[in-house]
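Every number in this text was worked out from the coordinates using simple rules, so none of it is lab data. Quick caveat: nothing in here was measured; it's all calculated off a predicted structure. Neighbour counts run over all protein chains shown; Cβ positions are idealised from the backbone, glycine included.
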Number of protein chains: 2
Amino acid sequence: MTRTAPAPPFPRTPAQADAIRVAVSTVIFTLRRVPDSEAVHVVLPLVRRTRDPHEGLWALPGGWLDEVESLDAAASRTLAETTGLSPSYLEQLYAFGAVDRSPTRVVSIVYWALLRADEIADGSVENVEWFDATRLPQLAFDHNDIVEYALWRLRNKVGYSRIAHGLLADEFTLAELREVYEVILGRRLDPANFRRQVEHSGTLIPTDRFRTGSHRPARLYRYNQDVELADRGPLGSRD
Amino acid sequence: MTRTAPAPPFPRTPAQADAIRVAVSTVIFTLRRVPDSEAVHVVLPLVRRTRDPHEGLWALPGGWLDEVESLDAAASRTLAETTGLSPSYLEQLYAFGAVDRSPTRVVSIVYWALLRADEIADGSVENVEWFDATRLPQLAFDHNDIVEYALWRLRNKVGYSRIAHGLLADEFTLAELREVYEVILGRRLDPANFRRQVEHSGTLIPTDRFRTGSHRPARLYRYNQDVELADRGPLGSRD
């Protein structure tokens, strides 16, 4: 690629460069069981804003894109800086660019990831709390809309394999997997139908092991590593 | 939303605002039959660059995001300005932001759309030509990568209904629909399997009309309007 020519790639609007800035934000979903309860919620970390605009409101973890880092790198860096979280994989979700989404003009490239509960280190981080994704307070900027969109994508686009890989331990029963789906979808699923769909999907592999306990033994399954986790196609590691 | 506070939403890196600019580009796919041939190609319009960098190379239609327009609006405007095309619907594809994708730092929000051949006005536009998407020359910037990604998304993510709606006339035979798929996927599909999948998808509605001609009559189908064309979910008309 030519790197010597200083001119911009398109006819330049001189005022534009100074007026539009690029930020990244990240939606991190995980599941959390309510203590002493059967209830499981989809939760995400939010960061309390310590300055205007929207000082005191909760916002998605994020920050400004640096001139010398890729979008992917900026998402990972700002997430780690604000929450201490370092998911192994962040997927780009959508670019939000409405004119009035911030007092100044900001285009936010939003990433998302699923985390297993055991990937979250113990200990609290200053100004960070986890919230039930379906019962959020008023967030800063358009972040309520962004979470709503991320939840919608989670419900619609995520296959069995990715849910299993992203939210469950290495081995799990079909009942555990079904519970994940029920939490995400917000409704009960027929166990027999669910088993049939999963078995036909080719994304799970039955093991020889069983979960034993107070119920009858339940077979453990694992994620099929041959199935691509991230459907980024030819993007590979680029952004 | 608060519109009075002048401060940026995150701690500001002062150098950042001047160094990163936001552009939009659009990939428009349509099908074109090679004259006097059975061959059909996926084609897209490209614009010849008239200035550096990459003067003389072909590039995706696009331009700078204006401070007072949404991402969607910028995609529509720049596409119309460069090619004269005005698709009824553009979908955001991906934000490309590699550090070295342009001599200056540019984050490009890429949109895409499918067009029916009859939606393209006759007459040529200066510096615009249509290219076979699978046999492109070296394009400006990372635009070969972007087209490759868009083709991959077209092959993987687009359901029967959207293909039908985006590329075919209002009524079409299953053979015509299958041909569209064969062109996009680059391989033959088994007619019986294809028919079964389409009939089970619920996205097409059989009509009482038939295509007659030299072959035996073939039933015409239409797109099921009850099925959501664009799976943007809660985004609605926002961007």
- request: Take the Cβ-Cβ distance between B:ARG219 and A:ALA218 as r, set R0 to 56 Å, and report the resulting FRET efficiency rounded to the nearest 0.05.
  value: 0.75
query: Can you sort A:HIS143, A:HIS165 so the residue with the fewest Cβ neighbours within 10 Å comes first?
result: A:HIS165, A:HIS143
FRET efficiency, 1/(1 + (r/R0)^6) with R0 41 Å, evaluated for B:ARG135 and B:ASP170 via beta carbons: 0.85
query: So for the pair B:SER37, B:GLU81, with labels modelled 7 Å out along Cα→Cβ, what separation do we get in nm?
result: 3.5 nm
statement: Here the whole-number average of other chain Cβ atoms within 10 Å per Cβ of A:50-57 is 4
query: Which loop-located trypsin sites (Lys or Arg not before Pro) does region A:134-184 contain, where loop means any DSSP state but H, G, I, E or B and the Cβ has at most 16 other Cβ atoms within 10 Å?
result: A:ARG135
statement: Quick note, region A:169-223: a/c under 1.5 would make it rounded; otherwise a/b > b/c is prolate and the rest oblate (a ≥ b ≥ c, C-alpha gyration tensor); here it is oblate
- request: Tell me the distances, shortest first, between A:GLU81 and the same position across the other copies, using label points 7 Å along Cα→Cβ, in nm to one decimal.
  value: 3.2
- line: Quarter of the surface of the C-alpha convex hull for region B:27-80, i.e. direction-averaged projected area in nm², equals 5.1 nm²
query: R0 = 25 Å: FRET efficiency of B:LEU185 with A:TYR89, Cβ-based, nearest 0.05?
result: 0.35
